[in-house]
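Data block below; observations after.
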Number of protein chains: 2
Amino acid sequence: MISAEQATQLIAATIRPLPIELLSLPLAAGRVLREDLRADRDFPPFNRVAMDGIVVQYAALEAGQTEFLVERTQFAGQPPEPLQNPQAAIEIMTGASLPEGADTSIRYEDLTFRTDETTGQRYAQVQVPPPRAGHNIHPRAADRRQGDLLLPAGTVLGPTELAVAATIGAATVAVTRRPRVAVVSTGDELVPITATPLPHQIRRSNGLMLQAAADTAGAVTALFHFNDDVAALQQGLPALLHDFDAVVLSGGVSKGKADFLPEVLRRLGVEQRFHEVQQRPGKPFWFGQHPSGAVVFALPGNPVSSFVNFYRYVHPWLQAVQHPAAVSPGPVPAVLATDVSFRPVLTHFLLVRLEDAPDGRRLAHPERAGGSGDQASLLTSNAFLELPAEQEHFPAGTVLPAWRFR
Amino acid sequence: MISAEQATQLIAATIRPLPIELLSLPLAAGRVLREDLRADRDFPPFNRVAMDGIVVQYAALEAGQTEFLVERTQFAGQPPEPLQNPQAAIEIMTGASLPEGADTSIRYEDLTFRTDETTGQRYAQVQVPPPRAGHNIHPRAADRRQGDLLLPAGTVLGPTELAVAATIGAATVAVTRRPRVAVVSTGDELVPITATPLPHQIRRSNGLMLQAAADTAGAVTALFHFNDDVAALQQGLPALLHDFDAVVLSGGVSKGKADFLPEVLRRLGVEQRFHEVQQRPGKPFWFGQHPSGAVVFALPGNPVSSFVNFYRYVHPWLQAVQHPAAVSPGPVPAVLATDVSFRPVLTHFLLVRLEDAPDGRRLAHPERAGGSGDQASLLTSNAFLELPAEQEHFPAGTVLPAWRFR
């Protein structure tokens, strides 16, 4: 039986970047960029006035001038026209391009205005002089220069990245196609959500759970169910192996007489990479790859096993195939809040509730759980710790990797 | 001018839960539940066999019996039929309902089998006897009882909650309707993404940024743009105030001559709750409410101001109207990694990069930024710290609230 670390490596060996597709920028939210995006011009593209008020030539202020004739008013979006008279001012709005001849901005808060009743001309009187030339001017190229790499390939396009891409006119962008995932539940004991189960039956729930989890990893998902029926599996699975990047099964991989899946998958040409991992929950986990490229994650059917193994193995795979440049985010360090012991020589995934302690530490509180069949125990936890197989006692204060799922 | 804390309270006073809608369970992923969901039967609903193998009566093992005639095989999903002979066994699969007369399960790993060549009957030989009666049986109601509250109103329906709801047959659920948000950019200097701007123009980017950010908070969004034109604003805004739960504007609220928005909004019947907040960035922030119920967040147009104020004020509001039962998640404590000083008596939102330190602490590294116009500075940060107005020096090690946006 292989270790959790070996299983991780065998899965990682199947990671290939998914194809690129071109999308209109507003449709690319959440996607991974697959091209470098550079500044098409300087940031800001012009000497940008940063306050509402007036602009003047600093030399005039230095010479002791405190009152300025207002030549005209310039709004943001208007082409700048030069200051006619170096002793005059232009009233100007935030975001406008600094006119030639002016070099310093004075905000309304530091000014008063008067109108000459004879000439009708307006004058600005400086109450608080600016400390230096260039005050309240955001100079051209101060933040970035034309040609600077702003968004390297591999960047996830969140709100701020979309804004930068919009600014440089990247109206269409190359991004990773979303992974296509077939989620398949198996088991004769499972009836549809809308059915009333007989006493020995239960409703299907793993499929919906895994589908929602795959959706959060950016996948396009479809949900299927098969009974424990070799013929139905052999007939139904080939189309999934051809149409999807990953097939995520739950159930049918244990030692039972109805656990046909490993045999059926082999017969369909799926090459087994491993079966059984030294871990709890999720020992019967089976993994393989079809010649078409599709990978098959066959997770145990117990709800906690399915769920934990999804977040431990499938979720990182889904991120990695979208995100070729980056290291998968993986687990975060968390501080165990109470002593924990676990005797078997197995990697143990322990359900915990992570808490943001007031001192800035991330604390992990183990949750009481009834075993891998206790679906409801997932409700009160938001992560699981990965306890290494070799160690038995974990005192409070131990820092361990935490896989967050909520 | 009011404080950031007063602004928070005035905004919170407008929070009303959004209406309820009924959805098919698979469509309810990510939504907030608005009804209590209780267990329709016990969890597990029957004494559930937890391992593939056989089940027997423990009394026979206690009496020293080590070999058991296998009466028949029972699969998961089959109705259980009683053990005929208390000295015999039933071969049985994980997930099956424990048959009457049997009380203990022995897994395949602890068994060998032989077939009597004369009679053709199969016998299981126990190699490792189970430690106690009930071993490897997950007893009915061990996890939850019929009628137990599993998912209280206010729960967010993530993958595990959907699974529990499916298990109890909640095929249709009452959830909060998604908030409808109109995102409106304003400004004559802004041209479409697909246009080539003149030297004094820039492309529209705030709208796309705020729309993507509102989407991540679960909103249904639509994007609009108005030039700095009183007539166009007066004609276009009324429909938005009637059709949306929130209107998020960017630009047009400062002291400039083209900053018509506060006046236009008042004229349209939007009651001003505040204008200007003692904070940087985002001092000109304007907030009001229309008699229809729609709230108006008029954010300053500088990209960093818009963005930071969205996450500080709008995002929590969007969560709260969906999530009436819960306290908004809000900021998390983070440890300042370097000394920081900020002199003005303003609440300061400082862009930082949060790092998960190996000791389990969350460290905040301040980012060099060029001011509220430096859009690209948002790319390298993933959060902002909230520095209180009264304090000037913040030594490394200070724990401060961090608002995460990535």
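Some notes on this structure:
- For the range A:332-404, the relative contact order comes to 47 percent (Cα pairs under 8 Å, sequence separation of at least 6).
- Lys, Arg +1 and Asp, Glu -1 on Cβ, resulting dipole of the range B:326-406 about Cα centre, debye, nearest 20: 180
- Each of A:GLY134, A:THR118, A:VAL56 was scored by the projection of its Cα onto the charge dipole of the range A:9-158, and the greatest displacement toward the positive side belongs to A:GLY134; charges sit on the C-beta of Lys, Arg, Asp and Glu.
- The range A:194-315, dipole about Cα centre (Lys/Arg Cβ +1, Asp/Glu Cβ -1), debye to the nearest 20: 380
- Multiplying the residue separation of B:PHE113 and B:HIS225 by 0.36 nm and removing their Cα-Cα distance gives an extension gain of 32.7 nm.
- Taking GluC sites (Glu not before Pro) as exposed when their DSSP state is a loop state and no more than 10 other Cβ atoms lie within 10 Å, the longest site-free interval of chain A runs over A:118-389.
- Derived scalar couplings ³J(HN,Hα) [the range B:137-147; Karplus, 6.51 cos²θ - 1.76 cosθ + 1.60; whole Hz; x for Gly, Pro]: 10, 9, x, 3, 6, 5, 8, 8, 9, 3, x
- Computed lengthening from B:GLN146 to B:ALA171, 0.36 nm per intervening residue step minus Cα-Cα distance: 7.2 nm
- Rounded to 0.05, the FRET efficiency of the A:THR380 and B:GLN9 pair, given R0 = 41 Å and the Cβ-Cβ distance, is 0.80.
- Inter-label distance, A:HIS242 to B:THR216: 4.0 nm, where each label sits 7 Å from its Cα along the C-beta direction.
- Kirkwood hydrodynamic radius computed over chain A comes to 26.0 Å, based on all pairs of distinct alpha carbons.
- Cβ crowding within 10 Å ranks A:ILE20, A:ILE106 as A:ILE20, A:ILE106, fewest other Cβ atoms first.
- Comparing A:GLN78, A:VAL32, A:ASN206 along the charge dipole axis of the protein assembly as shown, the residue lying farthest to the positive side is A:GLN78, per the Cβ-charge model.
- Global geometry of the range B:255-360, whether rounded, prolate or oblate, following the gyration tensor of its Cα atoms and the 1.5 cut on a/c: oblate
- Shortest-first nm distances, B:GLN121 label point to equivalent points in other copies (7 Å, Cα→Cβ): 12.1
- Under 14 Å from a label point set 7 Å out along the Cα-to-Cβ vector of B:GLU35, the amide N atoms of the range B:2-24 belong to B:20-24.
- Per-pair calculated FRET efficiency, R0 = 56 Å: A:ALA133 and A:GLU390 via Cβ, rounded to 0.05: 0.25
- Taking amide H as placed 1.01 Å from N in the peptide plane, B:ASP259 has no amide H partner under 5 Å among residues 5 or more places away or on another chain.
- Sorted shortest first, the separations between the A:THR380 label point and its copies elsewhere in the assembly read 4.5 nm; each point sits 7 Å from Cα along the Cα-to-Cβ line.
- In terms of other Cβ atoms within 10 Å, A:SER292, A:SER341 run from fewest to most in the order A:SER341, A:SER292.
- Across chain A, Cα pairs under 8 Å and at least six residues apart give a relative contact order of 16 percent.
- The range B:91-192: trypsin sites (Lys or Arg not before Pro) falling in loop per DSSP and having at most 13 other Cβ within 10 Å: B:ARG132, B:ARG145
- Computing Rg and the Kirkwood Rh from the Cα coordinates of the protein assembly as shown gives a ratio, Rg/Rh, of 1.07.
- Residues whose placed amide H lies under 5 Å from that of A:ARG144, excluding near-sequence neighbours: A:PHE43
- Close lysine pairs were tallied over the protein assembly as shown: pairs 8 or more places apart or on different chains with Cα atoms under 27 Å apart number 4.
- Inter-centroid distance (Cα atoms) of the range A:147-196 relative to the range B:1-72, Å: 28
- Sorting A:THR176, B:THR196 by the number of Cβ atoms found within 10 Å of their own Cβ, with the fewest placed first, yields B:THR196, A:THR176.
- For the axis carrying chain A to chain B: nearest C-beta residue of A, whole Å: A:ARG361, 2
- With coordinates expressed along the principal axes, the C-alpha atoms belonging to the range B:48-138 extend over 35, 27, 23 Å, beginning with the largest.
- Mean Cα-pair separation over length for the range A:48-138, i.e. relative contact order, pairs under 8 Å, 6 or more apart, %: 38
- Point-charge dipole on Cβ atoms (K/R +1, D/E -1) for the protein assembly as shown, about Cα centre, debye to 20: 340
- Tensor-based shape of the range A:332-404 (alpha-carbon gyration tensor, a/c under 1.5 rounded, otherwise prolate or oblate): oblate
- Chain A: DSSP helices with Cα axial extent of at least 18 Å and average Kyte-Doolittle hydropathy no lower than 0.5: A:230-243
- Other copies of B:GLY269: label-to-label distances in nm, shortest first, labels 7 Å along the beta-carbon direction: 6.7
- Separation in nanometres of the label points that stand 7 Å from Cα toward Cβ, at A:LEU69 and B:THR338: 4.9
Every number in this text was worked out from the coordinates using simple rules, so none of it is lab data. The structure displayed is predicted, hence computed values, not measured ones. Quick reminder, even Gly has a Cβ in these numbers, built from the backbone with ideal geometry, and neighbours come from all protein chains shown.
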